[in-house]
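None of the figures in this text is laboratory data; all of them are computed from the coordinates on show. Note that the structure is predicted; figures quoted are calculated from it, not measured. Virtual Cβ from ideal backbone geometry, glycine too; neighbours counted across all protein chains shown.
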Amino acid sequence: MAAPWREILKKIDDYRWEIPTDYKAGMTVPGLIYASEAMLGKIWEDKAFEQVANVAFLPGIVGHSMAMPDIHWGYGFAIGGVAATGVEDGVVSPGGVGFDINCGVRLLRTNMTEEEVRPKINQIVNELYFNVPSGVGSKGKLKVSEKELDEIMVNGSRWAVEKGFGDAEDVTATEESGCIKGANPDKVSAKAKQRGIPQLGTLGSGNHFLEVSVVGEIYDPDAAGVMGIIETGQVVVMIHTGSRGFGHQVCTDYVALLGNAVKKYGISLPDRQLACAPVQSPEGKDYLAGMAGAANYAWTNRQCITHWTREAFMKVFGKSRKELGLEQIYDVAHNIAKIEEHAVGGAKRLLCVHRKGATRAFPPGNPDIPQAYRDIGQPVLIPGDMGRYSYVALGTDTAMKETFGSTCHGAGRMQSRSAARRMLKGADVVRVLAEKGITVKAGSISSLAEEASEAYKDVSEVVDVTERAGISRKVVKLVPVGVIKG
Amino acid sequence: MYYALMDKEFTILDHTADVGIIAYGGDMKEAFANAARGMFSLITDLDSIEESEYRDVELTVSDEESLLVEWLNELIYLFDVENMVFRRFNISRLTRTSLKARIYGQKVDTARHEIKTGIKAATYHMLSIERDDVNRVQVLFDI
């Protein structure tokens, strides 16, 4: 029997598949899935098509409801989705951002090589584990007041740098310079603040990690050179975390509030988790002001962790910052809604671009990317699973034209957490990683099974699709040597 | 004695990215309480929790689905902020838009509790509340 999706999807080319609007009554635009034919069966089984179609119901959605090749089933919106709505006539949806507002990735380069780091890998992993609080319900080392939390919401990364956690250059090398404008602490509940205060400066759990990696392959030496990546075997550090309980509560609060707005504005939706409000409504503006606060908290969080990472390296290797390097290459948000200007049908329009498990991928020459990357395009950081590899890619003109300047964000899960637990034991995962030369330290060994390579798609397949479709191009492959998990 | 009729209090739903529960009850109070037990069973072993402290929860919302989601989100909040895990949920009042409960548990003790999963939130996705011979509620979580 032919795969059921064959009757639904319209093939545009080998990597673009359209879900026509007649697939489901209520879709106002078609869906568009970036995937290889081999990936579609799994995406279908996952019911991710249905979710892409549901997002096409959102009032004011422009172009397509899009899915990146790492698409997988989420609650409401699929993970790996991009949806842009008109700022004048469209809606904003907290579910289109997700609970972990500004979950994102940061990459630091070092002047060290694998040969220098390997002999001390256990020490550096232990020191990082010790210096960066992680795990479920972990509490940070920072004691911020409510007033300081308000400042963090408004200023983002800059707050941390002013407190001595990092360099001014870190801020420059961060999407939005580590601060989305328009944050308003009054639009964030007391509950969110209570969850946020103790968790600032923590890695968290689940798929979040801190990883010491080495450069495995360089595909474009010139572009890599611009990022300070000169040779294979060079050591880098990757940080993947978000806004912790603070962002989760902001999202929880606004899904409830916007659930009421849906009724007030007479919006018809196929799933309550898509709750939304017009961007220009008081409810929509309040969400964006609260979301910006949570996004800025997340950047502050990654900034603090960056500082402690540098401290750990200085201690273990007995070298100065200057000798070590540890400069920030870039920091991207992959759960976010942004007000951006894009060309739609030949005219410039202001859009609210939701990226839920998708990364901004702006092209060379774009004024919103740091000066240093103006000639090569925006760095895109795409973590894979802890046993294989991750990628650094760059944004392209095609992404700007087709995907509102967006590409994939990671590997995407292939197995549920409990299926992974049934199949693997945490201790075996540690052993298998050790055999591959990867040292792992985790707060909960049993939950490591959930994060094993077997539970994830191969990120190289995802990255290859984005490259062949032209929405980002790979520059560097990174291979893990030391991993810290919550 | 509805309890004796029930095979189980809850079952765990397995989804690729997230996880959910279906909870049952002879009445809706019991189904809501079992939903909470199901959720805490994802966080830690229910048998490892002592009932040494209690908290009171009172909620008023616009509809029944919101009540179920906000009930569970309130418990996630208590876990996150007060570091409490709970195992017994005495719901003294439950209407379609309000709930009053006294819940029993203890502070997380890492020597005693293995924290298996952090839960970000309960969601409305595929949420269902069914009344039949057995009351049945289904909730998915973002974890």
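Overview of results
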{"quantity": "Alpha carbon centroid spacing (whole Å) that separates the stretch A:444-486 from the stretch B:1-80", "calculated": "34"}
{"quantity": "Label zone at A:THR28 (point 7 Å along Cα-to-Cβ), backbone N below 11 Å, the stretch A:270-296", "calculated": "A:278-279"}
{"quantity": "Reach of A:LYS147 by Cα under 15 Å, taken over aspartates and glutamates that are not fewer than 8 positions away in the same chain", "calculated": "A:ASP186"}
{"quantity": "Two-site FRET efficiency, A:GLU311 against A:ALA190, from Cβ-Cβ distance with R₀ of 30 Å, rounded to 0.05", "calculated": "0.35"}
{"quantity": "For A:ASP385, residues with placed amide H under 5 Å, excluding near neighbours", "calculated": "A:VAL459"}
{"quantity": "Under Karplus coefficients 6.51, -1.76 and 1.60, residue-wise ³J(HN,Hα) of the stretch A:408-414 in Hz, glycine/proline x", "calculated": "5, 10, x, 7, x, 6, 10"}
{"quantity": "Relative contact order for chain A, counting Cα pairs under 8 Å that sit 6 or more residues apart, in percent", "calculated": "21"}
{"quantity": "Packing-based exposure ordering (other Cβ within 10 Å, fewest first) of A:GLU340, A:GLU175", "calculated": "A:GLU340, A:GLU175"}
{"quantity": "The stretch A:383-435 versus the stretch A:215-232: alpha-carbon centroid distance in Å", "calculated": "21"}
{"quantity": "Sequence-distant residues sharing a close amide H with B:ALA121 (under 5 Å, placed H)", "calculated": "B:ASP142"}
{"quantity": "Cα Rg over Rh - the stretch B:8-142, Kirkwood", "calculated": "0.93"}
{"quantity": "Candidates B:LEU13, B:LEU72, B:LEU46: whichever shows maximal mean-square fluctuation once chain B is modelled as a Gaussian network with Cα springs under 10 Å", "calculated": "B:LEU13"}
{"quantity": "Rounded to the nearest 20 debye, dipole of the stretch B:8-142 from Cβ charges on Lys, Arg, Asp, Glu", "calculated": "200"}
{"quantity": "Amide N of the stretch A:40-65 lying under 13 Å from the label point, which is placed 7 angstrom from the Cα of A:ASP89 along Cα→Cβ", "calculated": "A:59-63"}
{"quantity": "Span from the the stretch A:233-272 Cα centroid across to the the stretch A:107-130 one, whole angstrom", "calculated": "34"}
{"quantity": "Relative pair counts by distance (%), Cα atoms of chain A, 10 Å bins", "calculated": "4, 21, 32, 28, 12, 2, 0"}
{"quantity": "Chain A, helix-only ellipticity at 222 nm - DSSP H runs n ≥ 4, -39,500 (n - 2.57), divided by all residues, nearest 500", "calculated": "-10000 deg cm²/dmol"}
{"quantity": "Chain B - mean residue ellipticity at 222 nm from DSSP helices (-39,500 (n - 2.57) per run, n ≥ 4, rounded to 500)", "calculated": "-8000 deg cm²/dmol"}
{"quantity": "For the stretch A:109-120, 3J(HN,Hα) per residue [Karplus equation, 6.51 cos²θ - 1.76 cosθ + 1.60, θ = phi - 60°, Hz, x = Gly/Pro]", "calculated": "9, 10, 8, 9, 10, 4, 4, 6, 8, 3, x, 10"}
{"quantity": "The stretch B:8-142: relative contact order in percent, alpha carbon pairs under 8 Å with at least 6 residues between", "calculated": "32"}
{"quantity": "Two-site label geometry, A:GLU341 and B:SER62: point separation in nm, points 7 Å out along Cα→Cβ", "calculated": "3.6"}
{"quantity": "Added length on full extension, which subtracts the Cα-Cα distance from 0.36 nm per residue, A:LYS141 to A:LYS436", "calculated": "102.9 nm"}
{"quantity": "Neighbour-count order for A:GLU451, A:GLU176, A:GLU7, B:GLU50, fewest beta carbons within 10 angstrom listed first", "calculated": "A:GLU7, B:GLU50, A:GLU176, A:GLU451"}
{"quantity": "Cross-link pairs beyond the 23 Å C-alpha cut-off, checked among A:LYS356/A:LYS441; A:LYS181/A:LYS322; A:LYS264/A:LYS356; A:LYS139/A:LYS191", "calculated": "A:LYS356/A:LYS441; A:LYS181/A:LYS322; A:LYS264/A:LYS356"}
{"quantity": "Distant-in-sequence amide H partners of A:ALA337 (H built 1.01 Å from N, under 5 Å)", "calculated": "A:ARG355"}
{"quantity": "Exposure proxy ranking, count of Cβ atoms within 10 Å, fewest first, for B:ARG93, A:ARG388", "calculated": "B:ARG93, A:ARG388"}
